[in-house]
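Scroll down for the structure; my scribbles are underneath it.
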Amino acid sequence: MRIGTEDKKKLAVLGVVGVLGIAAAVYIYTSLVTPDAPPAAAPAVVTGPAAPLAKKPGVATPPAAKSLGTTSAQLDPTLKMGPMLVTESLVYSGSGRNIFSAASAPIPIPKPIASVRPKGPVVPVDTPPPGPPPPPPIDLKFFGTATSADGHRQAFLLKGEDVFLASDGDIVQRRYKIVTISANSVLVEDLANNNQQTLPLIVH
């Protein structure tokens, strides 16, 4: 009887150990074969409109930003046949040339009334060569006359700070010859340049 009781205990222990071994094998198998679960998505944070800041005196409040984005709910991918049929039924009705048709007649270009180029031979303009430069002015000033008792007249001439009293035929500064003396002018000849100039009377 003892032997039978001990055999039952051993069988019971072996059964428990076998069940635990099978459970451990199943757990290890499922943990190796089953893929890891994806991490939980972070909860969406919904932010409302920011509270208006307190307006300070003298500081302008910036304008609110406009929403430029579009959501999928605002997009309508459905084709609307009505506007498409209206576009297809349009017919070109312009009065000018149809640039989309090769058979369209070109627009006539008006001809010029007169020729742009002159008719006949072109006559060259004859420009004479430049002449000699004009003689320099006589550097004398006539500012008065003196008449003697016999009617002989003399002229007062000024050059710089030098004063000259000259009669007809006199030569001043070894260059200027007095030709004629009148009450309001003096005719002087520049011997160096061979030219004559009339000096008017300077009234002070």
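The values are calculated or read from the model by the stated rules, or taken from the named source; none is laboratory data. Everything numeric here is computed off the predicted structure, so don't read it as measured data. Surface accessibility is based on the protein's heavy atoms, side chains included, excluding ligands, DNA and RNA. Shrake-Rupley method; radii C 1.70, N 1.55, O 1.52, S 1.80 Å.
Some notes on this structure:
- Here's how it looks for Ser182: its modeled amide H is under 5 Å from those of Leu187, which are all 5 or more places away or on a different chain.
- Computed accessible area, Val163, all protein chains, 1.4 angstrom probe, square angstrom: 90
- Rounded to whole Hz, the Karplus (6.51, -1.76, 1.60) HN-Hα couplings of segment 134-145, x for glycine and proline: x, x, x, x, 6, 8, 9, 10, 9, 10, x, 10
- Computed lengthening from Lys111 to Ser31, 0.36 nm per intervening residue step minus Cα-Cα distance: 19.2 nm
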